[in-house]
Amino acid sequence: AFADAGAVTYSGALEFDLAANDTDGRLVTMRSQTLKLSLTSDEYRQFIQTPFQFLQQLDLPPGQLTIRAGVRDIVSDKIGTLNIPLTVHSGAP
């Protein structure tokens, strides 16, 4: 969601959270980042017509992990999460 910031601009903010847990449920690593958006009317029209992509990297140890990804729309206070099972292989041959 975007709030009308006046003077033909729109403001929004998204919070992205990633957490990796091992098979015992222990937290291995996490990362959180907030993206603030301030768009003109033209930028806003383009933004809502284009699929949104955001990259966040985690350094992960080898093994069986579960990644929990969460996104919060700060303006509307809506939250979505997703669990992703993942096997990370070691770099050794």
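Overview of results
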{"read-out": "Assigned charges on the beta-carbon of Lys, Arg, Asp, Glu; region 36-81 dipole about Cα centre (debye)", "value": "120"}
{"read-out": "Rounded D (µm²/s) - the chain, Kirkwood Rh over Cα pairs, Stokes-Einstein at 37 °C, 0.692 mPa s", "value": "214"}
{"read-out": "Most mobile listed residue (L65, L14, L55) in the chain, GNM with C-alpha springs under 10 Å", "value": "L55"}
{"read-out": "Dipole magnitude of the chain about its Cα centre (Cβ charges: Lys, Arg +1; Asp, Glu -1), debye to nearest 20", "value": "100"}
{"read-out": "Exposed chymotrypsin sites (Phe, Trp or Tyr not before Pro) absent - longest run of the chain, DSSP non-H/G/I/E/B, at most 10 other C-beta within 10 Å", "value": "1-51"}
{"read-out": "HN-Hα J in Hz across region 78-83 - Karplus 6.51, -1.76, 1.60, θ = phi - 60°, x for Gly and Pro", "value": "8, 10, x, 9, 8, 9"}
{"read-out": "Helical mean residue ellipticity (222 nm; -39500 (n - 2.57) per DSSP H run of 4+; nearest 500) of the chain", "value": "-2500 deg cm²/dmol"}
{"read-out": "Label-zone membership for region 56-72, site N83, 7 angstrom Cα→C-beta point, backbone N under 18 Å", "value": "64-71"}
{"read-out": "Span per principal axis, largest first, for the Cα atoms of region 54-93 (Å)", "value": "48, 17, 11"}
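Coordinate-derived values only; no laboratory data. Model, not experiment: these values are computed from the prediction. Here Cβ is always computed from backbone atoms with ideal geometry, including for glycine, and neighbour counts include all displayed protein chains.
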